[in-house]
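The values are calculated or read from the model by the stated rules, or taken from the named source; none is laboratory data. Bear in mind that the values here come from a model prediction, so they are computed numbers and not experimental data. Neighbour counts run over all protein chains shown; Cβ positions are idealised from the backbone, glycine included. The area values use the complete protein model at the heavy-atom level, side chains included, leaving out ligands, DNA and RNA. Shrake-Rupley method; radii C 1.70, N 1.55, O 1.52, S 1.80 Å.
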Amino acid sequence: MLKDYRVVLGLSGLVAVFMLANLGLAMQRGALAMAPIYDDNTYLLDGINRVVFENVDSLLSMIVSFYHNPPHSPFSTMLAMAGYSLSGGSDIGPYAMNFIGLAVYAVGIYVITAERTGKFLGILCTAALMFVPAVGTLVTEFRPDAFAGLSFGLAAYWLVFFRYDQSSKRAACALGALAAAVTAIKPSAVIIVVPMLGFAFLLGAAKSRSLRSVRLMAWTLGAGLLVVMPFALIWGAHVAAYIHQVFFTNADVWVTPGSAAFHWAYNAFGAAGSRALGMFFFIGAFLIAVDLLTLRMNSKENFPTAAFYLWVAIIYVGIAVNPQKSAYQGNFFYFPFIIATGLAAARLIERTRMPRSALLAVTAGIAIISPPAMTYQDARQRPGSLQALEQIGSILNNSMSCKSLSFAAVGPYPIPPETIALRAAKQGVKLQIHTLFLIREEADFTTLALSSTFVSFPNSAGRAEAEAQRLPGLQHLPRLMAMLDSSQDWERYDITGADPSVIYRNKMLCDGRGANKP
């Protein structure tokens, strides 16, 4: 199907239009219109650090770098490195590289729908589903969650629908390798990816009972294990430490308060689902329900369809009962649900023999009422962040003679410490950062703060945001600020703005000339 030049042109056009729309939104009022925030800045910083300070400029040097210093997300780090290398250090470069995720989405949806409806209707289905809000975040958010959720959903779909009785050994091995590679997009998501892809594999295996099918299943499983083993060896300890930190050490920080009704509705039509899926949740739920009510289980096509719908439902139950909630975590439901919606739509179009004109009218209606771009980040809620970042950067520039350069943050906002380190890295300066807001013990908190070159304190909005997140280090803020204000060894800078934050500079670590206050 993808060998048809008209299909390639159609999908390329869709990707180009939606890519430009989402990049434009990011530059107008999204991530590219303000100082980078979490978690975008973490992946951007990791990418540029490897390019600037580790001289990663080839596949071999990247492999060596990843081996010695495993990134939190190999996929996002690679995009950041490529984007910065191609754009000369501009943040636009990494976000532009997100076209890869959008292209994978368009091709995946097209293949699933066109297999049942034909090429033209497949293009129309793909066009309609490009308007799902979560799809825009594949571009406007620089974090691996959306692409990880998409790849997770596509891998599960093919695991469930794969025909072991009609396929080759090569195809079976490729499927296993693809499913295993999904774990490398966001290794810390193995807690959901590995068991649920394993379940999808079992669902796909249930429909085949021949000896040949069993052999191909063994090849699929073997290829998957072969691919995942190197990742397990490199990222195993890193992933285990991160999961322990999230679910045990800082569990109180990441838990989302709310009633049972709040949690069950959250990713469907609640706080996150209403933004990520919007009206498409109700459209998809309706199409899936109609398909389920009208299918007959004696068909070789119907069993995997029902199995995939069941798989998506179990995903939703899993993230609903998880006390930790975010629109980013929700991607592991949104994209499987979107794939299920496309599947249901294609099957109903096939069975009802819907005319092209009718689907064209539906797609046009969606295009008229739905915005083509989406971002979870809003620069309008963080006014003056770029100006504040430049002022902090100016303080750092005037402090290059200090014996060491380290930046400790009492709160993550208005300007996260990673964002300041990112700006410094673009100028070839390695800035060590300390996230004081995650330190619980006051002695450790104070010792690390006093040994740093700079200490930042949040403005009132940033403090409210940190308090809402229950960040443990914030409780030590008043005493540390009073200590620095009363000490002659520290110099205070009030960052200009309607809601100013404060930076302290350790004069004892500098050469005595001090910084020129901007």
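Could you check the range 140-179 and list, in sequence order, the residues that are open to solvent by less than 10 Å² (accessible area, probe 1.4 Å) and farther than 24 Å from PHE303 by Cβ?
Residues satisfying the conditions are THR140, GLU141, PHE142, PRO144, ASP145, ALA146, ALA148, GLY149, LEU150.
When the range 66-77 is examined, which residues are found to be free of Cβ contacts under 8 Å to residues at least 60 places away in the same chain and surrounded by 20 or more Cβ atoms within 10 Å (Cβ to Cβ)?
Across the range 66-77, the qualifying residues are PRO71, THR77.
State all residues of the range 291-312 that are of a type in the set (A, V, I, L, M, F, W, C) and open to solvent by less than 50 Å² (accessible area, probe 1.4 Å); if no residue qualifies, say none.
Looking only at the range 291-312, we keep the residues that are of a type in the set (A, V, I, L, M, F, W, C), and these are 292-293, 295, 297, 303, 306-308, 310-312.
Residues satisfying the conditions are LEU295, ALA306, ALA307, PHE308, TRP311, VAL312.
Evaluate the range 438-453: report whether one residue or more is among the basic types (Lys, Arg), modelled with pLDDT of 95 or more, under 30 Å from THR256 (Cα atoms) and open to solvent by 60 Å² or more (accessible area, probe 1.4 Å).
no
Hey, among the residues in the range 98-134 that are open to solvent by less than 20 Å² (accessible area, probe 1.4 Å) and among the aromatic types (Phe, Trp, Tyr), which one's farthest from the chain's Cα centre (by Cα)?
TYR110
In the range 345-376, how many are assigned to a loop (DSSP other than H, G, I, E, B) and either in contact with a strand residue (DSSP E or B) (Cβ under 9 Å, 6 or more places away or on another chain) or at pLDDT 95 or above (or both)?
Within the range 345-376, residues that are assigned to a loop (DSSP other than H, G, I, E, B) and either in contact with a strand residue (DSSP E or B) (Cβ under 9 Å, 6 or more places away or on another chain) or at pLDDT 95 or above (or both) number 7.
What do you reckon, is ILE191 within 23 Å of ASN322 (Cβ to Cβ), within 21 Å of the chain's Cα centre (by Cα), open to solvent by 50 Å² or more (accessible area, probe 1.4 Å) and in contact (Cβ under 8 Å) with a residue 40 or more places away in the chain? Before you say what the answer is, go through the steps one by one.
Details: within 23 Å of ASN322 (Cβ to Cβ): yes; within 21 Å of the chain's Cα centre (by Cα): yes; open to solvent by 50 Å² or more (accessible area, probe 1.4 Å): yes; in contact (Cβ under 8 Å) with a residue 40 or more places away in the chain: yes.
Judged against the criteria, ILE191 is a match.
For the subset of the range 194-210 comprising residues that are touching a residue at least 12 places away in the same chain (Cβ under 8 Å) and not in a helix (DSSP H, G or I), which member is least open to solvent (accessible area, probe 1.4 Å)?
SER208
Can you find, within the range 417-435, the residue that is most open to solvent (accessible area, probe 1.4 Å) among those that are in contact (Cβ under 8 Å) with a residue 40 or more places away in the chain and touching a strand residue (DSSP E or B) at 6+ places or on another chain (Cβ under 7 Å)?
Ranking the qualifying residues of the range 417-435, first place goes to GLU418.
Run SER58 past the list (1) open to solvent by 10 Å² or more (accessible area, probe 1.4 Å); (2) touching a residue at least 60 places away in the same chain (Cβ under 8 Å); (3) over 24 Å from LEU310 (Cα atoms) and report the number of the one that doesn't hold.
So SER58 meets the others, but not (2).
This table checks each residue for (1) closer than 22 Å to TYR413 by Cβ; (2) among the β-branched types (Val, Ile, Thr); (3) assigned to a helix (DSSP H, G or I).
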residue: ASN41; (1), (2), (3): yes, no, yes
residue: ARG50; (1), (2), (3): no, no, yes
residue: PRO70; (1), (2), (3): no, no, no
residue: SER90; (1), (2), (3): no, no, no
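Has the range 3-20 got at least one residue that is assigned to a helix (DSSP H, G or I) and either of a type in the set (Asp, Glu) or touching a Lys or Arg at 6+ places or on another chain (Cβ under 7 Å) (or both)?
Yes, because at least one residue in the range 3-20 is assigned to a helix (DSSP H, G or I) and either of a type in the set (Asp, Glu) or touching a Lys or Arg at 6+ places or on another chain (Cβ under 7 Å) (or both).
Given the range 388-501, what strands (runs of 3 or more DSSP E) lie entirely inside it while holding 3 or more residues that are more than 32 Å from the chain's Cα centre (by Cα) and not polar (S, T, N, Q)?
Once the strands (runs of 3 or more DSSP E) in the range 388-501 are filtered for at least 3 residues that are more than 32 Å from the chain's Cα centre (by Cα) and not polar (S, T, N, Q), what remains is 490-494.
Name every residue in the range 284-313 that is of a type in the set (Phe, Trp, Tyr) and at pLDDT 95 or above, in order of residue number. Write out each step before concluding.
Initial filter on the range 284-313 (of a type in the set (Phe, Trp, Tyr)): 286, 303, 308-309, 311.
PHE286, PHE308, TYR309, TRP311, listed by residue number.
Return the residues of the range 301-341 that are of a type outside the set (Phe, Trp, Tyr) and not in a helix (DSSP H, G or I); say none if nothing qualifies.
Across the range 301-341, the qualifying residues are GLU301, ASN322, PRO323, GLN324, LYS325, SER326, ALA327, GLN329, GLY330.
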